[in-house]
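The values are calculated or read from the model by the stated rules, or taken from the named source; none is laboratory data. Predicted model only: the values in this text are computed from it and were never measured. Neighbour counts are summed over all protein chains in view; Cβ atoms, including those assigned to glycine, are modelled from backbone coordinates with ideal geometry.
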Amino acid sequence: MNSIIMMVISFVITAITIPLFGRLAYRYNIVDKPDGELKPHERITPYLGGISIFLAVISTTPFDLITKLSLTLLVLTGLIDDVRTLSPRVRLVIEFAVSIMLTLKYIGLSFIAPLYVVGIVALINAVNMMDGMDGVCASVSLISAAGLIFTATSNYDKLLLFTLIGALFGYLLYNFPPARIFMGDAGSYLIGGILSIGILSSARRGDHMVVSAIIFVSIFLFDFLAGILRRILNGRSPFNGDRDHMYDKIQSKFKDNRKTLFAMIGIQLIIFLVGYVSKQSLIFSTISTIAVTIIYILVGIVLKILKYNK
């Protein structure tokens, strides 16, 4: 019950403060300007939606030094990048520092810890890459967070995920297409950090639980890895952005942002169901892993995910 109350409070805080941060963003020119290529939206749109999400989450969860410090570092990194653009090297150094802190807290020193460190950095950047179309990142993240509640170990981690869900619902009031505000890198880094905490928390409950947790966020990792592979196969730098992400491919078929959003939500709900089944036992997690792999192969083939649209 306490988690539900905090989720509602988080929703209210986000819904009330986003217009304030939006005006602040306009005043100080912290905005995203269309360029017709990587930024095809129709009008200048303010950032700082992510700061509102951060404020809601940080104020509705108890103090935990490592967690709050890690999330604050990620948000500040994203905010600076939104305002004046940070070097990729600096961003990576901070992401790895945060990842190491969180991994040591949840996993400790073990032979598998480096995998979690790299995985968290990948997830943070994957969530950031998903934030390229109105409503998509928030909706997909919301469903992922809901799944991770079933696998997380501690009540604190569950509460963190509940408050993220509330904040994302509040944010979607303004980010549903056509968006009136963007979360910016500050928001996507924050979400990536919280989802990473959900995975690390799940790792304490056994192998099949962490498999389930990874399935819940797998849509981010699929799009991230497909993007890197697509660029390499087509002779481009894996670090250069493009407009051929999963949601871009779907949008090129529907020619409508809302239909694209609903399609992404539909795919993520199917993944959610597979992840939910997988948490029942190790056998179910093995079957679910095969199932989700087949789903992504089919999605990749249908969308021609490794090719560039002409």
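The set of residues in region 124-139 that are of a type outside the set (Val, Ile, Thr), closer than 18 Å to Gly241 by Cβ and outside any loop (DSSP other than H, G, I, E, B) comprises Asn125, Ala126, Asn128, Met129, Met130, Cys137.
Scanning region 194-205 for residues that are touching a residue at least 60 places away in the same chain (Cβ under 8 Å) and either outside any helix (DSSP H, G or I) or buried (at least 16 other Cβ atoms within 10 Å of the Cβ) (or both) gives Ile194, Leu195, Ser196, Ile197, Ile199, Leu200, Ser201, Ala203. Got at least one residue in region 73-87 being β-branched (Val, Ile, Thr), buried (at least 20 other Cβ atoms within 10 Å of the Cβ) and in contact with a Leu (Cβ under 6 Å, 6 or more places away or on another chain)? Yes, region 73-87 contains at least one residue that is β-branched (Val, Ile, Thr), buried (at least 20 other Cβ atoms within 10 Å of the Cβ) and in contact with a Leu (Cβ under 6 Å, 6 or more places away or on another chain). Every listed requirement among (1) more than 18 Å from the chain's Cα centre (by Cα); (2) among the hydroxyl-bearing types (Ser, Thr, Tyr); (3) closer than 28 Å to Leu306 by Cα is met by Ser218 save one, (1). From the list Ile265, Ile290, the one residue that fits, being of a type in the set (Val, Ile, Thr) and more than 21 Å from the chain's Cα centre (by Cα), is Ile290. Is it the case that Phe220 is buried (at least 20 other Cβ atoms within 10 Å of the Cβ), part of a loop (DSSP other than H, G, I, E, B) and modelled with pLDDT of 95 or more? Considered against the rule, which asks whether it is buried (at least 20 other Cβ atoms within 10 Å of the Cβ), part of a loop (DSSP other than H, G, I, E, B) and modelled with pLDDT of 95 or more, Phe220 comes out as no. The residues in region 91-117 that are in contact with a helix residue (DSSP H, G or I) (Cβ under 8 Å, 6 or more places away or on another chain) and part of a helix (DSSP H, G or I) can be counted, and the count is 18. Pairs are defined by a Cβ separation below 7 Å, a sequence spacing of at least 6 or placement on different chains, a first member in region 247-259 that is in contact (Cβ under 8 Å) with a residue 40 or more places away in the chain and surrounded by 14 or more Cβ atoms within 10 Å (Cβ to Cβ), and a second member that is of a type in the set (Gly, Ala, Ser) and not in a helix (DSSP H, G or I); the pairs so defined are Tyr247/Gly132.
For region 144-157, filtering for residues that are surrounded by fewer than 22 Cβ atoms within 10 Å (Cβ to Cβ) and within 14 Å of Ile191 (Cα to Cα) leaves 1.
Of the residues that make up region 272-279, is at least one surrounded by fewer than 20 Cβ atoms within 10 Å (Cβ to Cβ), touching a residue at least 24 places away in the same chain (Cβ under 8 Å) and not in a helix (DSSP H, G or I)? No; the residues of region 272-279 include none that is surrounded by fewer than 20 Cβ atoms within 10 Å (Cβ to Cβ), touching a residue at least 24 places away in the same chain (Cβ under 8 Å) and not in a helix (DSSP H, G or I). When Leu160, Leu148, Leu142, Leu172 are checked against the criterion of being under 17 Å from the mean Cα position of the chain (by Cα), part of a helix (DSSP H, G or I), without any contact (Cβ under 8 Å) to a residue 40 or more places away in the chain and under 28 Å from Ile107 (Cα atoms), a single residue qualifies: Leu142. I need the full set of residues from region 77-96 which are aliphatic (A, V, I, L, M) and within 19 Å of the chain's Cα centre (by Cα), in order please. Within region 77-96, Leu79, Ile80, Leu92, Ile94 meet the criteria. Scan region 223-254 for residues that are in a helix (DSSP H, G or I), closer than 28 Å to Leu115 by Cβ and acidic (Asp, Glu) and the total you get is 1.
If you check Gly235 against the conditions, is it out of contact with any helix residue (DSSP H, G or I) (no Cβ under 9 Å at 6 or more places or on another chain), surrounded by fewer than 20 Cβ atoms within 10 Å (Cβ to Cβ) and either modelled with pLDDT under 95 or of a type in the set (Ser, Thr, Tyr) (or both)? When the stated conditions are applied, Gly235 passes them. Among the residues of region 18-34, what is the count of those that are in a helix (DSSP H, G or I), more than 13 Å from Leu172 (Cα to Cα) and not aliphatic (A, V, I, L, M)? Going through region 18-34 one residue at a time, the tally reaches 5. For region 227-261, the set of residues classified as within 17 Å of the chain's Cα centre (by Cα) and aromatic (Phe, Trp, Tyr) consists of Tyr247 only.
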